[in-house]
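Participant: Handing you a structure now.
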Amino acid sequence: MEQVGRNVTDCEEGILKKKRYLIHDRDPLYTTQFLRILAESGIDSVKLPPRSPNLNAFAERFVRSIKEECLERMILFGEDSLRTAVREFSIVETVSRCLSFGRAAPGFSGRRVKGHG
């Protein structure tokens, strides 16, 4: 887990680059070594309260949706294909939600997404 901590806080390619907080649950996966690496990088660790499944309902719904509607139906080859699938799914979800509320989607010009229709 120490190596993961170093990877996510890497100053050039880390996913937590220029971030101030990491909000996480109380999973034992977040070891003291991992949290120490975060602190040394200037990232504050914020633990969610115990037994609070609905605290982050929007994130839970997104994860469930993307797993069931997208990722479980695909064979992905590497991180690039995963990132592309997540990006395309997010675009489709944003457009469909906005259209269901009868408003224009942000940044949607009406052009077709490459490979769709």
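Participant: Is there a residue being outside the structural domain of E88 (by TED's automatic domain parsing), farther than 29 Å from V92 by Cβ and touching a helix residue (DSSP H, G or I) at 6+ places or on another chain (Cβ under 6 Å) anywhere in the range 13-35?
Facilitator: Looking through the range 13-35, at least one residue is outside the structural domain of E88 (by TED's automatic domain parsing), farther than 29 Å from V92 by Cβ and touching a helix residue (DSSP H, G or I) at 6+ places or on another chain (Cβ under 6 Å).
Participant: I would also like to ask the following. Might you check whether a residue that is outside any loop (DSSP other than H, G, I, E, B) and within 17 Å of L22 (Cβ to Cβ) occurs anywhere in the range 48-62?
Facilitator: Step one: filter the range 48-62 for residues outside any loop (DSSP other than H, G, I, E, B), giving 57-62.
Those left that are additionally within 17 Å of L22 (Cβ to Cβ): 59.
Yes, there is a match, as at least one residue in the range 48-62 is outside any loop (DSSP other than H, G, I, E, B) and within 17 Å of L22 (Cβ to Cβ).
Participant: Please find, within the range 10-24, the residue that is farthest from the chain's Cα centre (by Cα) out of those that are assigned to a loop (DSSP other than H, G, I, E, B) and modelled with pLDDT of 85 or more. If you could, list the steps in order and put the result at the bottom.
Facilitator: Step one: list which residues in the range 10-24 are assigned to a loop (DSSP other than H, G, I, E, B), which gives 10-20.
Restricting the remaining residues to those that are modelled with pLDDT of 85 or more gives 19-20.
Details: K19: 14, R20: 16 Å.
Only one residue tops the list, namely R20.
Participant: Could I ask something else about it? May I ask you to list the residues in the range 75-86 that are surrounded by 11 or more Cβ atoms within 10 Å (Cβ to Cβ) and either under 17 Å from I15 (Cα atoms) or touching a helix residue (DSSP H, G or I) at 6+ places or on another chain (Cβ under 7 Å) (or both)? So that I can check it myself, show each step before the final result.
Facilitator: At the first step, the residues of the range 75-86 found to be surrounded by 11 or more Cβ atoms within 10 Å (Cβ to Cβ) are 76, 81-86.
Result: L76, L82, R83, T84, A85, V86.
Participant: Considering only the range 58-97, state which residues are among the aliphatic types (A, V, I, L, M) and either over 21 Å from Y30 (Cβ atoms) or touching a Pro at 6+ places or on another chain (Cβ under 8 Å) (or both). Walk me through how you get there before you give the answer.
Facilitator: First, the residues of the range 58-97 that are among the aliphatic types (A, V, I, L, M): 59, 63, 66, 71, 74-76, 82, 85-86, 91-92, 95.
Result: I66, L71, M74, I75, L76, L82, A85, V86, I91, V92, V95.
Participant: Evaluate the following for R61: is it at pLDDT below 85, within 26 Å of T94 (Cβ to Cβ) and loosely packed, with under 12 Cβ neighbours inside 10 Å? Don't jump to the end; show me each part of the working.
Facilitator: On the way: at pLDDT below 85: yes; within 26 Å of T94 (Cβ to Cβ): yes; loosely packed, with under 12 Cβ neighbours inside 10 Å: yes.
It is true that R61 is at pLDDT below 85, within 26 Å of T94 (Cβ to Cβ) and loosely packed, with under 12 Cβ neighbours inside 10 Å.
Participant: If you scan the range 9-29, which residues turn out to be free of Cβ contacts under 8 Å to residues at least 12 places away in the same chain and under 18 Å from K47 (Cα atoms)?
Facilitator: D27, P28
The values are calculated or read from the model by the stated rules, or taken from the named source; none is laboratory data. Nothing here was measured: the structure is a model prediction, and the numbers come from that model. Positions of Cβ are backbone-derived with ideal geometry, glycine not excepted, and every protein chain shown enters the neighbour counts.
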